[in-house]
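A short write-up of the structure that comes next.
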Amino acid sequence: MTEDDLQAWVDDALPAGRRGEIDDYLAAHPEEAERVRAYQAQKQALKAMFAPVLDEPVPQRLQTLAKPPVAVDPQKRPILARWSLQRIAAGLLIAMVSGVAGWLGHAQYQSADRVAQMMPLPRQAAVAHVVFSPDVRRPVEVSADQEDQLVAWLSKRLGTPVRPPKLAALGYELIGGRLLPGNSGPVAQFMYHDASGQRLTLYVTTENTTNRDTGFRFAQEGPVNVFYWIDGKFGYALSAGIDKGELARVATAVYDQLEHK
Amino acid sequence: MDNAALLAEIPRLRRYARAMLGNRAAADDLVQDTLERAWARHALWRAGSDLRAWLFSIMHNLRVDQLRRPGVPIHSIDEDDLEVPTRATQNDRLEVRDLEFALRQLPDEQREVLLLVALEDLAYAEVADALGIPVGTVMSRLARGRERLRLLMEDRPSGANLRVVR
């Protein structure tokens, strides 16, 4: 009597005639009998547990996929029907973000030993900008209508008071903000938009340890223009896909407000 | 490969994927990937051979690929995930949860064999074929999986059927 025989007994997979032999064996070995009956019960329980899935309506996206894709049957099926719009949109977004991120990252990954290097401030800010600013539904974690909570939360997490500058006079309104991981700890991102929907992000880090203030610096990271400066332990970077002159105007306003806080 | 035949297999693929992954959205994503790959490779399917076993082998290979890929599993959260339809009846709910929980404790390779045999009633040779392993391996995984599941179910103290929070 082998274990395989007993398993086959559970699954009723024994050759004709053999089953009787096993029955006799089990009659003489009650412990074994109890064990294989437990397996039988287990099998039935598993079937019962997942049986309801068989009765669930098959989601449309899966039904659609039961039909041949375009390449197999070009006449019948427009590509949009097979690939739901959501999937296409998601794909495009991923392509866009990875395209930009790849472009931004290519210099960083030229040699393996540089991978571990910390990302410089303007690049961090630009990546955060391209990741979050295209998001229509959830561009921020806490929106501007809860500005007090946003300020309290980010200040607490960064361990120092941070406050979004007011840029309404320049035509930019606060959308809200979020917390992000920086090189070694939390950083904050505030997002603004103008009447046309153009988005602008201010990235605030408290990770600066070199204690060397800088004036305005400009960096172009792919399609994103970035003005950044370091002030004490703070690093600021203002990113947007707008032209350098306009961005400089906003950056000056931000700088002035932060200086006179 | 026939549309109607493929459509008819979807409920079974979904059931197996759900039992394997324990998560509706992830399971349906796996089924979707399986169907896409099936069409991409339909030329490789030998007419007359068992479509079901072939689909399960595609699903298995996709899963192996996924598990090999490093990184954090990510799945989207949509409204579907919020309803949790396990079973209509309430009184055997704890029992069902216990079994489901115990099933999650099995190593992937044992759960896979166990479910193909228990849910799909595949013959051992078909399981071996779908998973690309010898029949002997199927048998030993089946025996170990069943025994482990039995012990897990017996171990729970009676009366304390609460599911362990993962």
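So, R0 is 56 Å and r is the distance between the beta-carbons of A:Leu179 and A:Asp23; what FRET efficiency does that work out to, to 0.05? Calculated value: 0.25.
Rounding to the nearest 20 debye, state how big the charge dipole of region A:205-261 is about its Cα centre with +1 on each Lys and Arg Cβ and -1 on each Asp and Glu Cβ. Write down the numbers at each step before the final one.
Working: 6 positive and 8 negative charges, 15 e Å.
It comes to approximately 80 debye.
Applying 1/(1 + (r/R0)^6) with R0 = 56 Å to the Cβ-Cβ distance of A:Asp231 and B:Gln105 gives a FRET efficiency near 0.55.
Taking a point 7 Å out from the Cα of A:Ala169 in the direction of its Cβ, the residues of region A:237-261 whose backbone N falls within less than 15 Å of it are A:249-261.
Can you give the average number of partner chain beta-carbon atoms within 10 Å of each beta-carbon in peptide A:54-62, as a whole number?
Counting Cβ atoms of other protein chains within 10 Å of each residue's Cβ and averaging gives 5.
Each label point was placed 7 Å from the Cα along the Cα-to-Cβ direction; for A:Phe218 and A:Asp12 their separation is 8.0 nm.
In this simple spin-label approximation, A:Gln149 and A:Asp55 carry label points 7 Å from Cα along the Cα→Cβ vector, and these lie 4.2 nm apart. Per-residue mean of foreign Cβ neighbours for A:37-44 is 5 (Cβ atoms of other chains, 10 Å radius).
Here each label is just a point 7 Å from Cα along the line to Cβ, and for A:Glu3 and A:Glu31 those points are 1.6 nm apart.
We did not get these values from a lab; they are worked out from the coordinates using the rules stated. Treat the numbers as computed from the prediction; the structure is a model and nothing was measured. When we count neighbours, we look across all protein chains shown, and the Cβ atoms used for this are built from the backbone with ideal geometry, even at glycine.
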